[in-house]
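Taking it in order: structure first as structure tokens, then the write-up.
Bear in mind that the values in this text are calculations on the coordinates, not laboratory data. Keep in mind it's a predicted model, so treat the numbers as computed, not measured. All Cβ positions, glycine included, derive from the backbone under ideal geometry; neighbour counts span all protein chains shown.
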Protein chains: 4
Amino acid sequence: MIIQLKTNADEQIIAGLIARLEATPATVIRIKNHLAIPEVKTTELSAAEAGVVAEVIEKTPAAVLGSRLFQPEDTIIKLPHSVIGGKGNFTMMAGPCSVESEEHVRKMAKVAKAGGATLLRGGAYKPRTSPYSFQGLGEDGLKYLREAADENGMDVITEVMDETHVDLIAKYTDVFQIGARNMQNFSLLKAVGKTNVPVALKRGLAGTVDDLLNASEYIAAGGNHQIMLLERGIRTFDNKYTRNTFDLAAVPVLQKLSHYPVLVDPSHAVGEWDLVTPMAHAGVASGASGMIVEIHDDPEHAFSDGPQALKPDTYLKMTEQVYAIRQLMDSWE
Amino acid sequence: MIIQLKTNADEQIIAGLIARLEATPATVIRIKNHLAIPEVKTTELSAAEAGVVAEVIEKTPAAVLGSRLFQPEDTIIKLPHSVIGGKGNFTMMAGPCSVESEEHVRKMAKVAKAGGATLLRGGAYKPRTSPYSFQGLGEDGLKYLREAADENGMDVITEVMDETHVDLIAKYTDVFQIGARNMQNFSLLKAVGKTNVPVALKRGLAGTVDDLLNASEYIAAGGNHQIMLLERGIRTFDNKYTRNTFDLAAVPVLQKLSHYPVLVDPSHAVGEWDLVTPMAHAGVASGASGMIVEIHDDPEHAFSDGPQALKPDTYLKMTEQVYAIRQLMDSWE
Amino acid sequence: MIIQLKTNADEQIIAGLIARLEATPATVIRIKNHLAIPEVKTTELSAAEAGVVAEVIEKTPAAVLGSRLFQPEDTIIKLPHSVIGGKGNFTMMAGPCSVESEEHVRKMAKVAKAGGATLLRGGAYKPRTSPYSFQGLGEDGLKYLREAADENGMDVITEVMDETHVDLIAKYTDVFQIGARNMQNFSLLKAVGKTNVPVALKRGLAGTVDDLLNASEYIAAGGNHQIMLLERGIRTFDNKYTRNTFDLAAVPVLQKLSHYPVLVDPSHAVGEWDLVTPMAHAGVASGASGMIVEIHDDPEHAFSDGPQALKPDTYLKMTEQVYAIRQLMDSWE
Amino acid sequence: MIIQLKTNADEQIIAGLIARLEATPATVIRIKNHLAIPEVKTTELSAAEAGVVAEVIEKTPAAVLGSRLFQPEDTIIKLPHSVIGGKGNFTMMAGPCSVESEEHVRKMAKVAKAGGATLLRGGAYKPRTSPYSFQGLGEDGLKYLREAADENGMDVITEVMDETHVDLIAKYTDVFQIGARNMQNFSLLKAVGKTNVPVALKRGLAGTVDDLLNASEYIAAGGNHQIMLLERGIRTFDNKYTRNTFDLAAVPVLQKLSHYPVLVDPSHAVGEWDLVTPMAHAGVASGASGMIVEIHDDPEHAFSDGPQALKPDTYLKMTEQVYAIRQLMDSWE
């Protein structure tokens, strides 16, 4: 239920109304002239209360704090070297799937930067389907990643897999990435919600648009509003030629519902390097605010996800084309 | 199994090999220097046979006649007013979901043409989920559609729902459309395969890429090689904000596997008009050879699928942008 | 919209109301004291009309004629040797996937009968994914099937793939089977709806419960109310160990919504013979009115779907167990 | 890759082979006479090594430690009041979705026990889609649950949502439940893998059979082999009448691949109380080793998941029927 308050209404009556609703019990979120009470659908108003209420809307959106209803303007996230979200900004993030060594991540950082990326990606803690797969270099990986980014004047994005690592990873990263398999790891969402580090939240393999928005609300409810949403492919019946199904329509859908920047990850969406470029084209054309891609100079020997990594040359050509499409689209507005 | 024949091999021995395999029994398809035997995985070759064989490949692709393996060059379909497929060609198809009246389809044809469409779409026989929904105007609809197209120098694409209508519809249309629900209506596929009318085959709601290719092979096996493939969204778990999930990665996948033109239908893929433009952008950027979209001047009173129809102004703006993206992409090659 | 009429209301006013609604235009279906108008959600009633109306319900169920709302009692289909549907009746249908030869189908009929089947299944026209797969023996197959059934005092169920075959197949069969890929072949549904041959309608790979009910309504709207619904597995993301996902909850769901008998097809649902028995157990326990299974004495050389066929011994043991579960469940009621 | 060793082979050579493979680097798991090396597909053997090797199998199963290949006999988990897994054992687990109060859980425990449940379920930490939904009573809830179980001579199963709670919850529970949304929360899996508390691992909404087995392997690799697998419905395109799609074929599939007990959760699978009983029947008939169901005396006012809770009378009738089916099935073996 959303209660739209009249302008200049008596604040004492409003406070009373909030207190009464909270005692139901229920969560009441006030955003300027709106009260959102997500778990409640209807209430009987006293005469005094009715006097301060302009309208009662039965349905609350999946994410209250993330909703365009209450914040029509785009959330813009500013990092030392990047601006994410907002009209005209397009952010490239690139790097290896895993941090493999100090030397390798430095090499990849240079390539990423040359392709216009302002954030360097790389996993130090890896969520792998099998316990016998490479699990990441841990804190050493974080150090190498940070150094490589600093050397190239880039920001860092890296995955945090559980709440016990939040403080450690916060020391090294500019953006927390929450992976698809952890989209509904609510303890982790709450933990990053208590930090002031921006969070890139990936859509889960079975995550509906509403699930993703609800997950983002766990972060926002903790006080951290620097959130970006990542479409990275969902799991469907067709997975012979692509690892997942890239749901690009989710980009305009999420942009309509939420003010958070929406980015795309064509690498994980398709899982095959030769499909990444056309899907990067489609991704920027769908209106996304940015993109995260995996690169590797020797994909066959990558520690993880080699088949989907772009070689440097392909990456450089792809990014140039992506920016050209973005520039063309800017000319329309 | 694919048997690659040596060049200048003895044709008599080849004929014997084919006869022997066909007697297994099995279907043997000869394409230049290849024999494809889809249902067979291995065979023992006599010494003479071995002498004409360069290589035996165990796996046959889903569509033999449609495969790039045997025809690397693009299939190009030429209609009086349109060229579909091939490098640099982008074909726009537009029109109302249903032919509603003589006057209305003429009005819509003008709009379609103004937006650069060279094919006019419109359903005269409608596959509707409920038997109580509008089922189409039948032959009258076909006449109105043909006239409207002719008046504007356009080709016609319209749906054929069953084999008994094939001859009738062939009198009025330039392209048969096979709808998603009929992708595996094998009797219908065989029937259009015996005509020389080009066929636009839509991917089914649960159709894998291989299913679509196999379905196209039913048409090709009948002798009709003028086939185009349409991605129009698949059915997945997320259907609250979009009717289907637009699987744009299928465009480069199909292009890699098959030589047929691959087109997209953003209207049915998303089902909401305000998502059609960003998905049209993404569709052309994915590399599709063309697009089919639904337009209506009064969507709220459309006889079918109103919510996904573009109003004329939106359509005209969208097509201009789509051509601009296509033009930009042409400059890269 | 459903209009519930008062009992003993003035029939002239009712006729006027129907005429007025039909002129909208709209389809009006009268079932005893109900008017169902599927495409309409609301209407303004005149004073006279209001006098005959007890209640107006905004929502019409997916299948009007198939709905429990208007016919609470079960539809029971009576064949010479079988009774399908209704409390306490459990019908076994068995036979080979394809009719392979006169001799083979006779052999399989004996086995089917020995396991308590009263209907013999067998395909003479086969819907195959690839055009190069075995397509069935055609009319010869129908003859062999009919003879084998007659010899054993059984009824016949066989697939009809398109409307041009309806009359031919009606000569040989007691039940038309509509396959999953044709669930929304509306021309075919209309064609069998005009016959008086019972129809077993299989759920499509992407068919929702409402889609299935709507498809059944195409048959019923033609006048043929002898319909049974078959759950045979849907297509989902997990298809490594099973061909489809057997959605057994659809059984009680369909039974709640519709009065048609609901049967299950564990063979196609799982696609692996060693999973058929546990799924047959689960199927009968879910409350289904019957079951259709594929049997073969030499699955490795079956013309189609060998991997899912039960050998005679396994089939005989399975059916005995299925009847025991059914008998136990009967004792509860 | 699996290397089957010869019996009585030279242990020194085997040790050398293991050391060489581990240095690749790779994980080598020795189970009796087998070496499983999950990440490796082939290796060249020295003459000495070849002397100790009986066979090399290229493919490693998803879960090495959980595979029937290396442990044909069933894992049986023994708790003070329950035996889970193994021929002839069927375990009922029941209780409220959330622990709501000390009094309520005691009341529900009595009902659960009366229906033959030997484990009491109840959530104290709740994974809710929205941050504004009831999140559980925390440690108080655990205390009430433990007391209620003890009073009735029952074991406790309750959900652990993150690794920081593992030690706390271990004090109160007999079985850790890992929820569907945490199936691939690898940090949590590793954490419970280091305890000696049995774990009930629920299949994720998008979890394939192999994903579930791989997830279980994270637990087993930590040394905890007391694992049970729970099928609780997967996410598919059809979710109008059921919350999820109950994939009962996964029961025999998992039993074939793994030696862990496989249980079913009909409550979450369907999400509607009146479908729970037929699905409980189907579940036991599929061969599951047990079942977990949600009960509530006043579902409309339940703190969570009310619509799927069985009222006491329905629960008691259902369990009686479930045991009768199980007993019938026991008589076959």
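Annotations
- Cut-off under 5 Å, modelled amide H: who pairs with D:I295 long-range: D:G95, D:C97, D:L310
- A:E320 label point (Cα plus 7 Å toward Cβ) to equivalent points in the other copies: 3.0, 7.5, 7.9 nm, shortest first.
- For chain C: relative contact order, % (alpha-carbon pairs under 8 angstrom, 6 or more apart): 15 percent
- The residues packed around D:K171, meaning those with a beta-carbon under 12 Å from its beta-carbon, carry a net charge of -1 if Lys and Arg are +1 and Asp and Glu are -1.
- Distance from the alpha carbon centroid of segment B:1-68 to that of segment C:226-300 works out to 39 angstrom.
- Fraction of antiparallel bridges per DSSP, chain C only, in percent to nearest 5: 35 percent
- Cα coordinate range in chain C, projected on the principal axes (Å, largest first): 71, 46, 41
- Principal axes of segment C:2-57: Cα extent on each, largest first, Å: 26, 18, 16
- Positive minus negative residues near D:I18 (Lys, Arg vs Asp, Glu; Cβ under 11 Å): -1
- Inter-copy separations for A:A170, label at 7 Å along Cα-Cβ, nm, ascending: 2.7, 7.3, 7.6
- Inter-part distance where segment B:111-178 and segment A:77-115 are each reduced to a Cα centre, Å: 50 Å
- Hits among aspartates and glutamates - C-alpha to C-alpha of A:K143 under 15 Å, sequence gap 8 or more where chains match: A:E100, A:E102, A:E103, A:E151, A:D155, A:E159, A:D167, A:D174
- Based on Cα contacts under 8 Å between residues 6+ apart, segment A:2-57 shows a relative contact order of 56 percent.
- Qualifying aspartates and glutamates (Cα of each under 17 Å from Cα of C:K87; at least 8 residues distant if same chain): C:E73, C:D74, C:D330, C:E333
- Taking D:A63, D:A206, D:A180 as the candidate residues, the one with maximal mean-square fluctuation in a Gaussian network model of chain D, Cα springs under 10 Å, is D:A206.
- Checking the cross-link pairs D:K32/D:K126; A:K202/B:K41; A:K107/B:K317; C:K256/D:K202 against a 32 Å limit on the alpha carbon distance flags D:K32/D:K126; A:K202/B:K41; A:K107/B:K317 as lying beyond it.
- Peptides A:258-268, A:303-313 ranked from most to least packed give A:258-268, A:303-313, packing being the mean of other C-beta atoms within 10 angstrom over each peptide's residues.
- Modelled label positions at A:K317 and C:I31, each set 7 Å beyond Cα in the direction of Cβ, lie 6.2 nm from each other.
- Annotation: for a label point projected 7 angstrom from Cα along Cα→Cβ of C:A114, residues of segment C:313-333 with backbone N closer than 20 Å are C:313-324.
- Evaluating 6.51 cos²θ - 1.76 cosθ + 1.60 at θ = phi - 60° for every residue in segment C:48-61, the Karplus couplings come out as 5, 4, 4, x, 9, 9, 8, 6, 10, 10, 5, 9, 9, x Hz, glycine and proline recorded as x.
- Once the Cβ-Cβ distance of B:D297 and A:K6 is raised to the sixth power relative to R0 = 60 Å, the FRET efficiency obtained is 0.90.
- Inter-copy label distances for B:P80: 5.6, 6.8, 8.8 nm (label point placed 7 Å from Cα along Cα→Cβ; shortest first).
- Short to long, the 10 Å bins of the Cα pair-distance histogram for segment B:47-152 hold 13, 27, 22, 18, 9, 8, 2, 0 percent of all pairs.
- Inter-chain shielding of B:325-331 (mean C-beta neighbours from other protein chains, 10 Å cut-off): 3
- Each Lys or Arg adds one and each Asp or Glu subtracts one; over the other residues with Cβ under 15 Å from the Cβ of C:L230, this totals -1.
- Note on B:N89 and B:E55: the model spin-label points, each 7 Å out from Cα along the C-beta direction, lie 3.0 nm apart.
- Phi-based couplings in Hz for segment C:165-181 (Karplus 6.51, -1.76, 1.60; Gly and Pro marked x): 9, 4, 5, 4, 5, 4, 5, 10, 10, 9, 9, 7, 9, 9, x, 4, 6
- 3J(HN,Hα) from dihedral phi, segment B:250-264, Karplus parametrisation 6.51/-1.76/1.60, rounded to Hz, x for glycine, proline: 5, 4, x, 4, 5, 5, 6, 7, 10, 9, 6, x, 10, 10, 10
- Most fluctuating residue given options D:E320, D:E294, D:E49, as computed from a GNM of chain D linking Cα atoms under 10 Å: D:E49
- Axis-nearest residue of C (beta carbon) for the C-onto-A rotation, whole Å: C:F237, 3
- Annotation: amide H-H contacts under 5 Å for B:Q177 (H modelled 1.01 Å from N, sequence separation of 5 or more, or interchain): B:T158, B:E159, B:V160, B:A200.
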